[in-house]
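I have placed the structure first, in the form of structure tokens, so that the comments after it can refer back to it.
Derivation of every value follows stated rules applied to the coordinates shown; laboratory data play no part. Quick caveat: nothing in here was measured; it's all calculated off a predicted structure. Glycine also receives a Cβ, built like all others from the backbone with ideal geometry; neighbour counts cover every protein chain displayed.
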Amino acid sequence: MADLSTRVGSVRLACAVLTASGTAGVGDELAAYGELDGLGAVVVKSLAAFAWPGNPAPRLATWGASMVNAVGLSGPGVAAWRADGLTRLRRRGATVVASIWGRTVAEFEAAAAGLAGAEVVAVEVNASCPNLEGRREIFAHSPEATAAVVEAAGAAGLPRWAKLSPNTPDLVEVAGAALAAGAEALVLVNTVLGMVIDVEARRPALGHGGGGLSGGAIAPIALRAVYDCREAFPEAAIVGVGGIATGEDAVAMAMAGADALEVGTATFADPRAPFRVRDELDRWLDDHGVASLGEIVGVAHGDG
Ligand SMILES: Cc1cc2nc3c(=O)[nH]c(=O)nc-3n(C[C@H](O)[C@H](O)[C@H](O)COP(=O)(O)O)c2cc1C
């Protein structure tokens, strides 16, 4: 057995494989498929300070082995989640990361404040959502707006991880702003803007129109984002997410520079995916005579 433990900023995790926000529910939904305390953490679907219904159906469309979604951040709100989802997760012994979102900086602050004192190890700040005060531009497409929501999330009094969008040419600058604003880690990446057309209906397949592409199709985009940010910020903690479906995908993400990995869309095809990726990663390391994951983090940046 290889050592899969890792450190993400100030947070020590017994295992570097986590779930990705929005793909593992808000509670212990995956407990039927594996021991939740055997994952590094369960990252729950992004929560607002209030309950939110999300977008009209259909919300998901498949695209080969990938998919486009416009779920629209539906959820129970932080307070209801603490009473139910978090309680169920803690009962299973899961390490929990709470993801938060908002439409304004004040809404991020309110969501974060609602997490104060909660039994979670970190707050993942989902900056990849529209900013109502910024012409609906995505927070994470602006260094200033990203810094503002990361700062606002300080209201939780917990380590902050900034979850960023790959849909900007300024990713490295945005990442730098997130770190300067107090983020202990970068979570790279959220979905890629996309759309599927229903040719019989002659209209977009999703009720919302456009959506976010995720799964294998975005793996090279996520690898590039992690690689570029590792290059720019050698000391930063990075959590890689995007298209990880196998242990080898996880190895590639670690080699690009990720200290930890999140498994998302793969879980829809196989609810055991986070547990399987962990086991396959362990086997790959063993087969290659590597004693710990840390030995391969960032090795793709070697002297070449
Ligand atoms: C159905 C669905 C819902 C998602 N909801 C969220 C969310 O609430 N918050 C968030 O930060 N990311 C959300 N994501 C993005 C994932 O966490 C992840 O960043 C992205 O899908 C890329 O990883 P993957 O290719 O492994 O899925 C969602 C993705 C999917 C497919």
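Summarising the label geometry, the points placed 7 Å from Cα in the beta-carbon direction at T104 and A79 lie 1.8 nm from one another.
Helices in the chain, meaning DSSP H runs of at least 4 residues, each add -39500 (n - 2.57). Divided by all residues, the mean residue ellipticity at 222 nm is -8000 deg cm²/dmol. Remark on W63: its backbone amide H falls under 5 Å from those of V68, a criterion applied only to residues 5 or more positions apart or on other chains, H modelled at 1.01 Å from N. Once you have a ≥ b ≥ c as the square roots of the Cα gyration tensor eigenvalues for the chain, tell me rounded if a/c is under 1.5, and otherwise prolate or oblate according to whether a/b is larger than b/c. Since a/c stays below 1.5, the shape of the chain is classed as rounded. For region 86-102, 3J(HN,Hα) computed residue by residue from phi via the Karplus equation (6.51, -1.76, 1.60; θ = phi - 60°) reads 5, 4, 5, 5, 5, 4, 7, x, 6, 7, 10, 10, 9, 9, 10, 9, x Hz, glycine and proline entered as x.
Within the chain, what percent of beta bridges assigned by DSSP are antiparallel, to the nearest 5?
40 percent
Placing +1 on the Cβ of every Lys and Arg and -1 on the Cβ of every Asp and Glu, with nothing else charged, gives the chain a dipole about its Cα centre of roughly 940 debye. Remark: spin-label model distance R202-E173 equals 4.3 nm, labels positioned 7 Å along the Cα→Cβ axis.
Ranking of T246, T146, T265, T23 by neighbouring Cβ atoms within 10 Å, starting from the fewest: T246, T23, T265, T146.
With each label modelled as a point 7 angstrom along the Cα→C-beta vector, the E144-A51 pair spans 3.7 nm. Around the Cα centre of region 108-189, unit charges on the Cβ atoms of Lys, Arg, Asp and Glu (plus for the first two, minus for the last two) sum to a dipole of about 140 debye. For the chain, modelled as a GNM with alpha-carbon contacts under 10 angstrom, which of V187, V150, V68 fluctuates the most? Ranking V187, V150, V68 by mean-square fluctuation puts V68 first. A simple packing score, the average count of other Cβ atoms within 10 Å per residue, orders the peptides 134-140, 231-237 as 134-140, 231-237, with the highest score first. Assuming R0 = 41 Å, what is the FRET efficiency of E235 and D287, from their Cβ-Cβ distance, to the nearest 0.05? Efficiency for this residue pair is about 0.85.
The calculated P(r) of region 150-234, using every Cα pair and 5 Å bins from 0, goes 3, 13, 20, 17, 14, 13, 9, 5, 3, 2, 0 in percent.
Specify whether the C-alpha gyration tensor of region 1-42 places it in the rounded, prolate or oblate class, a ≥ b ≥ c being the square roots of the eigenvalues: rounded for a/c under 1.5, otherwise prolate if a/b is larger than b/c and oblate if not.
Oblate, since a/c reaches 1.5 and b/c is not below a/b.
P(r) tail for region 1-148, what percent of Cα pairs lie past 22 Å? Looking at region 1-148, the distances longer than 22 Å represent 44 percent of pairs. For region 58-139, the normalised intensity computed at q = 0.19, 0.21 Å⁻¹ comes to -0.94, -1.03 (log10 of I(q)/I(0), Debye sum over alpha carbons, equal scatterers, no solvent).
Along the axis of the charge dipole computed for the chain (Cβ charges of +1 for Lys and Arg, -1 for Asp and Glu, origin at the Cα centre), the listed residues A148, A219, L171 are led at the positive end by A148. Both radii come from the Cα set of region 187-304: Rg as radius of gyration, Rh as Kirkwood radius; their ratio Rg/Rh reads 1.07.
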